[in-house]
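Student: So that we are looking at the same thing, I have put the structure below in structure tokens.
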Amino acid sequence: MDAPSKEDGILDVAIIGAGFGGLAMAIALKKAGRTAFRVFEKASDLGGTWLFNRYPGIACDVPSFLYSFSFAQNPDWSRCYSSGDEIWRYMKRVADDHGLHPYLHFNVPVTRAQYDEAARLWQVTLGTGETVLTRALVTGTGALHVPSLPDINGLDTFAGAKFHSAEWNEDFDPAGKTVAVIGTGASAIQIVPSIAGKAHQVYLFQRTPAWVVPRFDRPTSAMTKALFRHLPLLQRLYRTLVYTRMELRAIAFTVWPSLMKQLEKPARAYLDAAIQDPGLRAALTPNYTIGCKRVLVSDDFYPAMNRENVALITARIERIEREAIVTADGVRLPVDAIVTATGFRVTEWIPGVQLIGRDGRDLTREWHKAGAARAYYGITAEGFPNLFMLLGPNTGLGHNSIIFMIEAQTRYIMRCLKWLWAGEAESVEVCAEVQRTFNEWLNARMQRTVWLTGCKSWYLNPDGTNSTIWPSFTLTYWWRTHAARRSDFVLETAKTGPAARA
Ligand code: N01
């Protein structure tokens, strides 16, 4: 391969994935003057979730002036909530600006990585058949990209167009067609308004109504763009204000979920004002605490539901036939296309990559066996030296920008890597006891949060525990990870060897 690497052919760092996480890590390495790293991406381009998700109407539900790198502010966001395509183009620009292209390897999936304890190296197996050696391995594989397909009788026999929201068929034209959308999550509520104006008829199949709050989206004025371009500090101040406003919600999400009732009031008022039909309004009214599932933000979902050609179907889908969906109440609805907006297999963790650590331990197999993924600040895991994760277990958010978490993690990983580069250690592994104590704290903290107030969501493991969300303020995460404590880790050198492990 023609990317930079050390003379001995061993990389300092191999990164899996070229989404926001992988790019942040690559940029941090470059800024530190390291060049012996590569980013392996299974897709044909960078972007991660923003490359895969291309459905009509896609946008981020966190304001763009916050959902962007702190070190790569963009004064030119066209809207408060920019489209998926604009976010993807931003990522491309950031990669260009930081000269990342020689380090990015597309169409190169990583299938397996095994830690060689004697050599203190990771052997990384690529889908191309090659093997590369690296001192440290960073996973930036993200959580939202393996489609979760509904187990509905007959779905495979449907003869019309059929695809998951994250695998949108770009050739599909909804004009004049009857389209079924299954699911009422963040993806579905963006798709329905975007196709309703063209389609002949849209059926939205709802299993659980979602809490929806208005987005108040608007274009960024030319004046704002000019001000931000010429006064970057002003943009930083605005970003801080947006961050603070979102962060304050953690008080209700993670400390006093009873306060969520106060957040329900404006959402209820919005629903009441937007939907006049009492039957439809009742059907769209959630029956769980707001925030337990992801709060949806939209200005056009409710207006779309008021359209003559959009119907909400709450009856369970009994089966799917060649040309129709049949519900449990016996109604047969002929449809031309089915969009499964049914979410992602989030708890698969680092899908498609087998990670074998010390003593032949398989990371994701252990997590599945335990019924929950456990790590240390979602970044490192006991038994897996020199392995670092971005957006690992319990670092997802329901109230703020995930990019804040990625940047905190990148900083933390860089501190650990510096121990390797300074010759203080050849391997870095979190102490088992430290990880156990951390997870006890995490579990106790989680009990107080809105995510355990009784709803069923993709945040939860089958046993109802939560391995996906950070149960506190992002500021707390930042504070706890702003410095990696050496005492939390076993640092081994050639002299100390495995025998010196605590
Ligand atoms: O997926 P979801 P998503 N029969 O899992 C339903 C991010 N994201 O792709 O609630 C019928 O939220 C399921 O019903 P229920 C964001 O983090 C962000 O929409 O389980 N229905 C639910 O309604 C988000 O949280 C953005 O009862 C079935 C829906 O499908 C995450 O991605 C945009 C079913 C799945 O909702 C996932 O969002 C898009 C079945 N068998 C995504 N199985 C923005 O930034 C599932 N459902 C705006």
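The values are calculated or read from the model by the stated rules, or taken from the named source; none is laboratory data. What you are looking at is a predicted structure, and each value in this text was computed from that prediction instead of being measured. Neighbour counts run over all protein chains shown; Cβ positions are idealised from the backbone, glycine included.
Student: Give the residue that is surrounded by the most Cβ atoms within 10 Å (Cβ to Cβ), with candidates limited to residues of the stretch 299-346 that are of a type in the set (S, T, N, Q) and within 12 Å of the ligand (Cβ to nearest atom).
Tutor: Only one residue fits best here, namely 340.
Student: The conditions are (1) buried (at least 22 other Cβ atoms within 10 Å of the Cβ); (2) more than 23 Å from the chain's Cα centre (by Cα), and residue 91 fails exactly one of them. Which is it?
Tutor: (2)
Student: Would you mind finding the one in 192, 212 that is touching a Ser or Thr at 6+ places or on another chain (Cβ under 7 Å) and surrounded by 20 or more Cβ atoms within 10 Å (Cβ to Cβ)?
Tutor: After ruling out the rest, the residue left standing is 212.
Student: How many residues does the stretch 111-149 contain that are touching a helix residue (DSSP H, G or I) at 6+ places or on another chain (Cβ under 9 Å) and assigned to a strand (DSSP E or B)?
Tutor: Residues in the stretch 111-149 being touching a helix residue (DSSP H, G or I) at 6+ places or on another chain (Cβ under 9 Å) and assigned to a strand (DSSP E or B): 7 in total.
Student: Follow-up question, since we're still on this one. What is the number of the single condition among (1) modelled with pLDDT under 95; (2) at positive phi that residue 107 does not meet?
Tutor: (1)
Student: Next up: I'd like the residue in the stretch 452-476 that is under 17 Å from the mean Cα position of the chain (by Cα) and hydrophobic (A, V, I, L, M, F, W, C) and, out of all such residues, is surrounded by the most Cβ atoms within 10 Å (Cβ to Cβ).
Tutor: Looking at residues that are under 17 Å from the mean Cα position of the chain (by Cα) and hydrophobic (A, V, I, L, M, F, W, C), I get 470.
Student: Moving on to the next point. Which of the residues spanning the stretch 422-447 are modelled with pLDDT of 95 or more and among the charged types (D, E, K, R)?
Tutor: Within the stretch 422-447, 426, 429, 433, 436, 440, 445 qualify.
Student: Something else now. Run down 444, 408 and say which single residue is part of a helix (DSSP H, G or I), free of Cβ contacts under 8 Å to residues at least 12 places away in the same chain and assigned by TED's automatic domain parsing to the domain that holds residue 37.
Tutor: None of the other options fit; the residue is 444.
Student: Take the stretch 127-154 and flag every residue that is among the aliphatic types (A, V, I, L, M), surrounded by 20 or more Cβ atoms within 10 Å (Cβ to Cβ) and either closer than 30 Å to residue 165 by Cβ or not assigned by TED's automatic domain parsing to the domain that holds residue 392 (or both).
Tutor: 138, 143, 144
Student: Here's something else I'd like to know. Please name all residue pairs, on different chains or six or more residues apart, with Cβ atoms under 9 Å, provided the first residue is in the stretch 305-332 and is free of Cβ contacts under 8 Å to residues at least 40 places away in the same chain and basic (Lys, Arg) and the second residue is in a loop (DSSP other than H, G, I, E, B) and away from the ligand (no atom under 16 Å from the Cβ).
Tutor: Between residues of the stretch 305-332 that are free of Cβ contacts under 8 Å to residues at least 40 places away in the same chain and basic (Lys, Arg) and residues that are in a loop (DSSP other than H, G, I, E, B) and away from the ligand (no atom under 16 Å from the Cβ), the close pairs are 332/321.
Student: A follow-up question, please. Enumerate the pairs (first residue in the stretch 47-61 and in contact (Cβ under 8 Å) with a residue 12 or more places away in the chain and under 11 Å from residue 186 (Cβ atoms); second residue anywhere and part of a strand (DSSP E or B) and more than 8 Å from the ligand (Cβ to nearest atom)) with beta-carbon separation below 6 Å, excluding pairs fewer than 6 apart on the same chain, so at least 6 apart or on different chains.
Tutor: Qualifying pairs under 6 Å: 59/83.
Student: State all residues of the stretch 441-479 that are more than 23 Å from residue 286 (Cα to Cα) and within 16 Å of the ligand (Cβ to nearest atom); if no residue qualifies, say none.
Tutor: Matches in the stretch 441-479: 467, 470, 474.
Student: For the stretch 345-403: of the residues being among the small types (Gly, Ala, Ser) and in contact with a Gly (Cβ under 7 Å, 6 or more places away or on another chain), which is nearest to residue 489 (Cα to Cα)?
Tutor: Filtering first and then ranking leaves 383.
Student: With respect to residue 108, is the statement that it is more than 28 Å from residue 220 (Cβ to Cβ) and β-branched (Val, Ile, Thr) true?
Tutor: Yes: the conditions hold for residue 108.
Student: Which condition does residue 319 not pass, out of (1) of a type outside the set (S, T, N, Q); (2) more than 30 Å from residue 470 (Cα to Cα); (3) assigned by TED's automatic domain parsing to the domain that holds residue 335; (4) touching a Pro at 6+ places or on another chain (Cβ under 9 Å), if it passes all the others?
Tutor: (4)
Student: Out of 51, 23, 29, I need the residue that is within 16 Å of the ligand (Cβ to nearest atom) and not in a loop (DSSP other than H, G, I, E, B). Which one?
Tutor: 51
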